[in-house]
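The values are calculated or read from the model by the stated rules, or taken from the named source; none is laboratory data. These numbers come from a predicted model, not from an experiment. Note that we place each Cβ from the backbone using ideal geometry, even for glycine, and neighbour counts take in every protein chain shown.
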Amino acid sequence: MNWCNTLRSAALALLLTTLGAAQAARTVTPLDGPWRFNRSDVPGAAEPAFDDAAWAAVTLPHTWNVPDGESGGGTYRGAGWYRRVLDIQPGAAQRRLLEFDGATLAADVWVNGRHAGRHEGGYARFRLDVTPLLQPGRNLLAVRVDNSKLPHVAPLGGDFTVFGGLIRPVRLVETPAAHIELLDHGGPGVRFDIDKLDAASARLKVQVQLRNDGQQPAERQLRLTLRDAQGRSVAQQVRQLHLRAGAADTATSFLTLTKPRLWQGIKDPYLYRLSAELLDGRQVADAVQLPVGLRQFSVDPERGFLLNGKPYPLYGVNYFHAGRPGRGVAVGPAEIDEDLRILMDMGLTGLRLVHYQHPPYTYQRADELGLVLWTEIPLNSAMEETPAFRDNLYAQLRELVRQNHHHASVAVWGIGNEVYRADEPIRALLADVHALAKREDPSRLTSYAHCCAPDDHPMALVADLASYNRYWGWYDGQFKDIGAWADKLHAKLPGKPIGLGEYGAGASAIQQEDPPRRPEPGGRWHPEQYQALFHETYAAEIAKRPFMWGTFVWLGFDHAAGRHEGDTIGRNDKGLVNYDRSKLKDAYHLMRAWWQPKPVLHLTSKRLVNRPAGKVDIKAYSNAAKATLEVNGTVVGTVNVVDRIAVWPQVALVAGRATLQVRDDRGSTDRVEWQIDGCSADALGTQRVLQLPREGAAYGAPHARLPLGPKEFVLTFDDGPRPGATERVLQALKAECAKASFFVNGEPLHQHVELAQRVKSEGHTVAMHGHKHSAFGTLPAKEQLADLENMQKAYRHVIGGEPAAWRFPFLAETPELREALAKQKLTVLSADVHIEDWVQGQTPEALAERLLKGLREKGGGIVLLHDVQDQTAAALPLLLRRLKQDGWQLVHLQWPEARH
């Protein structure tokens with residue numbers, strides 16, 4: 001795709017539109033501001049005399065859910081009011097309409113205190129004829145918008161913030177009495193269908209809806225012109241019209257074009273332009289212009305998606321919106337363009353626009369870029385078994401189809417997503433919505449994104465295309481399950497096209513772990529590397545199965561949601577790019593290596609810049625055949641690229657700065673600099689790692705001793721994390737290259753998430769010390785087990801993975817909990833040497849002497865300190881130096897990862 005050529009084509013289209021508008025009597029006036037706004041339901045706010053001087057001044061687009069809609073909870077769902085003055089100049093226009101591109105979720109509009117109308121549904125364009133309500137001069141426009149959960153308005157649920165407000169532009173449209181229809185569900189009033197298409201010719205069936213609001217019949221001409229991308233007329237027809245007074249009519253015509261140039265997706269998104277002009281004598285009284293892409297879509301259960309009769313692999317991402325931090329969805333064309341530039345650079349061929357109708361500009365740019373679209377109505381998560389809810393779904397579907405029918409990019413109408421029930425009412429509703437979509441537009445396909453009932457449940461099969469949302473390896477199962485699932489389903493449903501509506505895993509670009517443990521989906525630790533592993537397997541499995549009609553990664557960009565996970569509360573972090581678009585995650589580069597025909601080469605884990613000395617696997621993504629790695633100018637080796645991945649196993653990294661450079665046989669290069677941490681000659685260091693099995697054993701007095709040699713000890717800390725003290729402890733340990741085990745409490749773990757994750761990321765072991773730090777001997781057995789369960793949940797949520805070890809608070813063990821820990825194969829770690837560092841007033845020298853004395857008496861063992869004590873943190877540098885001077889050797893405890 002040549003982005004500059006695309007922009008030139010867009011500029012030409014804009015020029016043609018501007019020239020047509022300059023000739024027409026229709027005028028469009030933006031009403032972006034100034035508006036007055038109040039986030040509450042204000043009595044009397046519709047009245048012209050109401051005093052709004054104390055209200056906030058805003059411009060559109062605008063949402064009232066910043067920042068609360070991006071913070072994971074407490075999102076305001078209710079009413080808000082907008083007011084502004086509208087000056088009307090006396091003129092020739094005889095009809096005036098207000099045009100709203102989106103008001104979430106329901107909007108009531110008043111003009112000069114009189115109700116103009118109501119619209120229910122937050123994401124589609126709607127218009128209201130306000131001609132009889134306006135007067136020359138000053139007019140007061142008041143809009144009440146409500147994003148409450150209305151029981152008959154979709155969406156009723158979903159994993160996203162419903163940002164309330166006038167989230168898209170508002171305009172005043174003025175036309176003569178006889179004009180092209182503006183009140184057909186927000187559509188353009190002009191529809192064309194491809195009646196015939198082959199190499200020799202194309203024939204368009206064009207329907208123009210017309211309305212004469214005058215009191216007298218009108219004689220007009222309708223001129224239809226089809227122009228090529230250079231603006232040259234390639235087909236034209238002019239016909240006489242007799243428009244009845246106070247009535248609507250539809251004029252149907254056919255345009256024939258010889259030797260048509262097809263719209264070929266991203267390879268050649270060629271667009272013609274159709275203009276429908278209503279002529280009053282020699283003057284253009286009204287005009288509408290639409291892009292025209294000549295193409296045919298179909299799907300074959302074996303060959304997948306077909307464009308113009310040929311296989312056209314359809315792959316891409318789910319695109320939610322162009323939202324930005326601090327603005328929510330109140331954004332515009334600049335943000336959409338930035339998003340599409342990022343997405344197009346991956347080389348994708350399609351987008352699934354979720355979970356509602358997108359701004360008109362998105363569809364326009366998809367036409368111009370050659371993207372194939374699946375776009376859907378907001379039937380998401382839940383439904384109501386009421387006629388009112390069904391009617392609202394029907395209305396939103398009609399709006400989606402009639403406003404976007406002319407877009408070449410649109411191939412699939414989505415009729416719903418993940419409704420969490422599997423019964424006859426939802427099957428019947430989906431079947432009825434599918435039938436309506438086929439009545440509205442027989443030329444396109446339908447799909448429902450299915451998740452949570454059997455794959456062959458009737459609700460999954462009502463649409464033309466079966467689509468499934470699958471997350472094996474994230475929520476459950478293993479990465480490799482995706483391939484076997486697809487093969488089994490394809491064999492079971494050989495005549496039904498199947499595809500992946502969603503697949504993905506969460507990732508934080510600032511949380512790094514190489515190699516990563518499997519994180520808890522709802523936890524606070526989502527390392528970037530795990531998402532990359534997920535997509536490595538999925539991408540390779542999908543590539544082997546061309547029968548899948550389309551596959552769409554969840555998600556293009558992180559978005560605002562009511563979640564408490566990952567590095568930021570209030571985010572769904574499964575995006576390949578983060579919410580503010582500043583970081584392309586490793587998985588983005590992997591998919592680029594699969595989809596982009598241009599050379600791609602990317603070293604992974606670049607953000608993990610501080611690493612320990614030792615051996616590590618180095619990995620790069622490439623669409624070449626071979627790649628070569630150098631470290632500090634020395635060639636490590638050349639390897640084959642397999643499934644877009646090059647791996648150099650067990651590369652030794654020594655202390656200091658490491659410059660890694662990789663090159664492939666297509667001439668691409670990439671490089672990164674890492675800082676490799678090493679120990680100075682006089683540092684204490686960590687002499688060895690002792691890995692204990694997960695078998696429920698107990699160590700430390702009064703239990704068995706750890707298998708330690710002479711003058712070996714294990715360093716442990718209790719009760720944290722605590723800002724200040726724990727940070728100083730980590731600093732002291734890092735200075736001596738010392739690794740320890742931290743037995744944390746659940747409550748401070750939740751309170752200090754980033755600090756706890758820092759403990760883990762710096763290579764220390766994190767284990768459990770009770771959720772509330774209770775004296776378990778004073779608790780009933782049921783409460784002891786509850787505390788253990790809460791502690792485990794906190795660990796999984798913040799640290800990720802399964803905890804392996806437990807230390808009783810105050811070292812006060814109980815038989816009930818000891819038995820439960822043994823059944824779960826959790827190690828109990830007591831202590832051999834504890835120096836009562838919680839007793840205040842001890843100097844560093846005194847603590848050091850007590851520690852050395854204890855170790856000498858016990859002959860080594862497990863040392864217990866507290867990382868919540870300031871005096872311990874202050875004394876630790878001296879303690880570690882004295883241990884080194886006295887010849888003690890530090891051993892680091894670890895446990896293997898739990899098997900799933």
Could you list, in sequence order, the residues of region 223-277 that are of a type in the set (Phe, Trp, Tyr) and under 16 Å from GLN289 (Cβ atoms)? TYR272
List the number of the failed condition for ALA505; all other conditions in (1) buried (at least 17 other Cβ atoms within 10 Å of the Cβ); (2) under 29 Å from LEU400 (Cα atoms); (3) of a type outside the set (D, E, K, R); (4) at pLDDT 95 or above hold. (2)
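Within the group VAL729, VAL759, VAL714, VAL744, which residue is more than 41 Å from the chain's Cα centre (by Cα) and crowded, with 21+ Cβ neighbours inside 10 Å?
Working: VAL729 fails: more than 41 Å from the chain's Cα centre (by Cα); VAL759 fails: more than 41 Å from the chain's Cα centre (by Cα); VAL744 fails: more than 41 Å from the chain's Cα centre (by Cα).
When all the criteria are applied, what remains is VAL714.
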If you take the residues of region 227-238 that are part of a strand (DSSP E or B) and surrounded by fewer than 13 Cβ atoms within 10 Å (Cβ to Cβ), which of them is nearest to the chain's Cα centre (by Cα)? SER233
State whether the residues of region 842-857 include one that is under 49 Å from the mean Cα position of the chain (by Cα) and of a type in the set (A, V, I, L, M, F, W, C). no
Cβ-Cβ distance below 7 Å, separation of 6 or more or different chains: which pairs start in region 155-171 with a residue that is over 28 Å from GLU385 (Cα atoms) and end on one that is of a type in the set (Ser, Thr, Tyr) and modelled with pLDDT of 95 or more? LEU166/TYR82; ILE167/THR63; ILE167/THR104; ARG171/THR29
ALA463: out of contact with any Phe, Trp or Tyr (no Cβ under 8 Å at 6 or more places or on another chain) and buried (at least 21 other Cβ atoms within 10 Å of the Cβ), yes or no? no
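Need at least 1 residues that are of a type in the set (Ser, Thr, Tyr) and either crowded, with 19+ Cβ neighbours inside 10 Å or within 26 Å of the chain's Cα centre (by Cα) (or both) per element, so show me which strands (runs of 3 or more DSSP E) inside region 48-134 make the cut, counting only ones lying wholly within it. So that I can check it myself, show each step before the final result.
Values: elements: 56-58, 79-88, 95-100, 106-111, 114-120, 126-129.
The qualifying strands (runs of 3 or more DSSP E) are 79-88.
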Residue count for region 158-190, restricted to those that are surrounded by fewer than 19 Cβ atoms within 10 Å (Cβ to Cβ) and more than 22 Å from PRO30 (Cα to Cα): 1
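Those residues that are assigned to a strand (DSSP E or B), over 30 Å from ASP213 (Cβ atoms) and not β-branched (Val, Ile, Thr), I need them from region 239-281; list them, please.
At the first step, the residues of region 239-281 found to be assigned to a strand (DSSP E or B) are 239-243, 247-258, 263, 269, 272-280.
Next, from what is left, pick out any that are over 30 Å from ASP213 (Cβ atoms): 256-258, 263, 269, 272.
Answer for region 239-281, where residues must be assigned to a strand (DSSP E or B), over 30 Å from ASP213 (Cβ atoms) and not β-branched (Val, Ile, Thr): LEU257, TRP263, PRO269, TYR272.
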(1) touching a strand residue (DSSP E or B) at 6+ places or on another chain (Cβ under 7 Å); (2) not acidic (Asp, Glu); (3) not in a strand (DSSP E or B): which one isn't true of LEU224, the others all being true? (3)
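Tell me which residues, restricted to region 863-879, are more than 46 Å from the chain's Cα centre (by Cα) and surrounded by 20 or more Cβ atoms within 10 Å (Cβ to Cβ). Before the answer, list the steps.
So the first thing to find is which residues in region 863-879 are more than 46 Å from the chain's Cα centre (by Cα), and the list is 875, 878-879.
Scanning region 863-879 gives ALA875, LEU879.
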Among the residues of region 629-652 satisfying the criterion of being aliphatic (A, V, I, L, M) and touching a Phe, Trp or Tyr at 6+ places or on another chain (Cβ under 7 Å), which is nearest to GLU673 (Cα to Cα)? LEU629
Considering region 695-740 alone, what residues qualify as being touching a strand residue (DSSP E or B) at 6+ places or on another chain (Cβ under 7 Å), among the acidic types (Asp, Glu) and closer than 20 Å to TRP888 by Cα? GLU712
Tell me yes or no: at least one residue of region 765-775 is buried (at least 17 other Cβ atoms within 10 Å of the Cβ), assigned to a helix (DSSP H, G or I) and in the same structural domain as LEU733 (by TED's automatic domain parsing). no
PRO723 is checked against (1) in a loop (DSSP other than H, G, I, E, B); (2) free of Cβ contacts under 8 Å to residues at least 24 places away in the same chain and fails just one. What number does that condition carry? (2)
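Scanning region 484-493 for residues that are in contact with a Phe, Trp or Tyr (Cβ under 9 Å, 6 or more places away or on another chain) and either in contact (Cβ under 8 Å) with a residue 40 or more places away in the chain or among the charged types (D, E, K, R) (or both), which turns out farthest from LYS438 (Cα to Cα)?
First, the residues of region 484-493 that are in contact with a Phe, Trp or Tyr (Cβ under 9 Å, 6 or more places away or on another chain): 485-486, 489-490.
Keeping just the survivors that are either in contact (Cβ under 8 Å) with a residue 40 or more places away in the chain or among the charged types (D, E, K, R) (or both) gives 486, 490.
On the way: ALA486: 27, HIS490: 25 Å.
The residue in question is ALA486.
Of GLY637, GLY667, which residue is within 28 Å of ARG592 (Cβ to Cβ), modelled with pLDDT under 95 and outside the structural domain of ALA740 (by TED's automatic domain parsing)? Full working, then the answer.
Values: GLY637 fails: modelled with pLDDT under 95.
After ruling out the rest, the residue left standing is GLY667.
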If a residue must be part of a strand (DSSP E or B) and surrounded by 12 or more Cβ atoms within 10 Å (Cβ to Cβ), how many such residues does region 653-668 contain? 9
Considering (1) under 24 Å from PRO188 (Cα atoms); (2) more than 17 Å from the chain's Cα centre (by Cα); (3) assigned to a loop (DSSP other than H, G, I, E, B), say which one GLY347 fails and leave the rest. (1)
Output the residues belonging to region 874-888 that are in a helix (DSSP H, G or I) and more than 12 Å from ALA735 (Cα to Cα). ALA874, ALA875, LEU879, ARG882, LEU883, LYS884, GLN885
Among (1) surrounded by 14 or more Cβ atoms within 10 Å (Cβ to Cβ); (2) in a loop (DSSP other than H, G, I, E, B), where does GLN478 come up short? (1)
Tell me yes or no: at least one residue of region 448-464 is over 26 Å from HIS185 (Cα atoms), part of a loop (DSSP other than H, G, I, E, B) and touching a Ser or Thr at 6+ places or on another chain (Cβ under 9 Å). no
